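One structure is given here, and the rest of the page talks about it.
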Amino acid sequence: MASTQSKRVPCLLREFLILNFEKVEFGWIWKLNVAPKIKLFLWKACHDGLPSKDRLEKCKVFVPQQCVLCCHNSESVAHLCFACPFTLQVIECLQVSEGWPGIPDLINVSISSSFRYWFEECHLVLDKASVEKLACVWWFIWFCRNKVIFNEEGFSPRKASYLISHFFAQWVGGPIKQVEDSEGCLVRPPLQSKGVRSGPRVIWNPPPEGFCKLNFDGSKLGNGDAALGFVIRNTEGEVLLAGAKSLGQYVSIVQAEAWALHAGIKGALSLNIPKLVVEGDNLVVINSMRHIWRVPWEISNILVDVGLDAALFSECRFCHCFREANRAADFMAKKAHSYSSLLYWFPPYCLDFSLIIRKDVLGWPPD
Ligand SMILES: [Zn+2]
């Protein structure tokens, strides 16, 4: 009798598993050309089996929910792999230095979608080699997150991207670059300075016909002083309004960016501009306005105001650009530290600013 009961337990467990877990078609994970530990990581992530903080909370293990890589207020595997600013910076470094793929623009997923859903969508739109590279990134991000939590050891996005590309090269059997150090030993080469970025987002482009373009930027000095700057131009690249203001010592860089956007939008409204393209190099602010990322609490009030003002235009688009395409707003933000009240700056402009504006009009590549 006892032995019959003991035999029934695994059967019941199997029935429970079959009944309660949706069958997931992820057999293709095992065919990816990545290390077995990465395949296992993907498999666990797809089956909600990684001990991320949101998962632990579901199991009644209460730990602070913040993402240790970016302080976002809820750490899930989907956040870590697809939305964390740290991850996006790592991927951007790999795109620039190694030509790796980025996270594709996926219209069917949102910030609340699960890893499994994001991953399935990526699998549909990307080729196998791109999925393999991104899988290495995701596994390494999980590794970085564990290093921060358990070893209090952090990585910069550049260092992480460097380690990932070396790990991948080693796995696919590619050459690992080594150089001789001063004592004649073969070592990995030092991190190269970041290559010059290329692509449309590194060059300022005039707005489409009928639109004006607002570029905004925040600045924070080593002594803690923060400031905002913005520039509004028309389709000819002519400056309609430039603004700058010091924000004092108690404002973070992301708040400075949000205040810069706030002041720039107000400036555009004062000019009765009907259609506006808003461009900034801060992904947190831009993606918050595009409803791609959850708005950080420290800028939520500012961005609510921005949203109300943006609704007053007949059309208002928010786009991310790299800092090379945001030079004019950066110039204004740096200039702003000497202006305690909002400065609206009209022509004639100083030579340095005029030169930046001229280079932008000509589509001058980054220095
Ligand atoms: Zn994060």
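The values are calculated or read from the model by the stated rules, or taken from the named source; none is laboratory data. Quick caveat: nothing in here was measured; it's all calculated off a predicted structure. Quick reminder, even Gly has a Cβ in these numbers, built from the backbone with ideal geometry, and neighbours come from all protein chains shown.
Evaluating residue 45 against the criteria (1) away from the ligand (no atom under 11 Å from the Cβ); (2) surrounded by fewer than 16 Cβ atoms within 10 Å (Cβ to Cβ); (3) of a type outside the set (Val, Ile, Thr) leaves one unmet condition, (2).
Residue-wise test of (1) surrounded by 15 or more Cβ atoms within 10 Å (Cβ to Cβ); (2) of a type in the set (Gly, Ala, Ser); (3) in contact with a His (Cβ under 6 Å, 6 or more places away or on another chain).
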{"residue": "322", "(1), (2), (3)": "yes, no, no"}
{"residue": "331", "(1), (2), (3)": "yes, no, no"}
{"residue": "338", "(1), (2), (3)": "no, yes, no"}
{"residue": "342", "(1), (2), (3)": "no, no, no"}
{"residue": "346", "(1), (2), (3)": "no, no, no"}
{"residue": "353", "(1), (2), (3)": "yes, no, no"}
{"residue": "359", "(1), (2), (3)": "yes, no, no"}
{"residue": "363", "(1), (2), (3)": "no, yes, no"}
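Within segment 58-81, being out of contact with any His (no Cβ under 8 Å at 6 or more places or on another chain), within 16 Å of the ligand (Cβ to nearest atom) and either free of Cβ contacts under 8 Å to residues at least 60 places away in the same chain or assigned to a loop (DSSP other than H, G, I, E, B) (or both) holds for 63, 64, 65, 68, 69, 70, 71, 73, 74, 75, 76, 78.
A quick yes/no check of all residues on (1) aliphatic (A, V, I, L, M); (2) outside the structural domain of residue 344 (by TED's automatic domain parsing); (3) farther than 19 Å from residue 364 by Cβ; (4) in contact with a Lys or Arg (Cβ under 8 Å, 6 or more places away or on another chain):
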{"site": "214", "(1), (2), (3), (4)": "yes, no, yes, no"}
{"site": "218", "(1), (2), (3), (4)": "no, no, yes, no"}
{"site": "228", "(1), (2), (3), (4)": "yes, no, yes, yes"}
{"site": "242", "(1), (2), (3), (4)": "yes, no, no, no"}
{"site": "254", "(1), (2), (3), (4)": "yes, no, yes, no"}
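Can you tell me which residue within segment 82-97, out of those that are of a type in the set (A, V, I, L, M) and more than 11 Å from the ligand (Cβ to nearest atom), is nearest to residue 254 (Cα to Cα)? Step by step, filter segment 82-97, then rank; the result is 90. I'd like to verify a number: residues in segment 133-146 that are buried (at least 16 other Cβ atoms within 10 Å of the Cβ) and either farther than 13 Å from residue 101 by Cβ or outside the structural domain of residue 102 (by TED's automatic domain parsing) (or both), how many? Residues in segment 133-146 being buried (at least 16 other Cβ atoms within 10 Å of the Cβ) and either farther than 13 Å from residue 101 by Cβ or outside the structural domain of residue 102 (by TED's automatic domain parsing) (or both): 7 in total.
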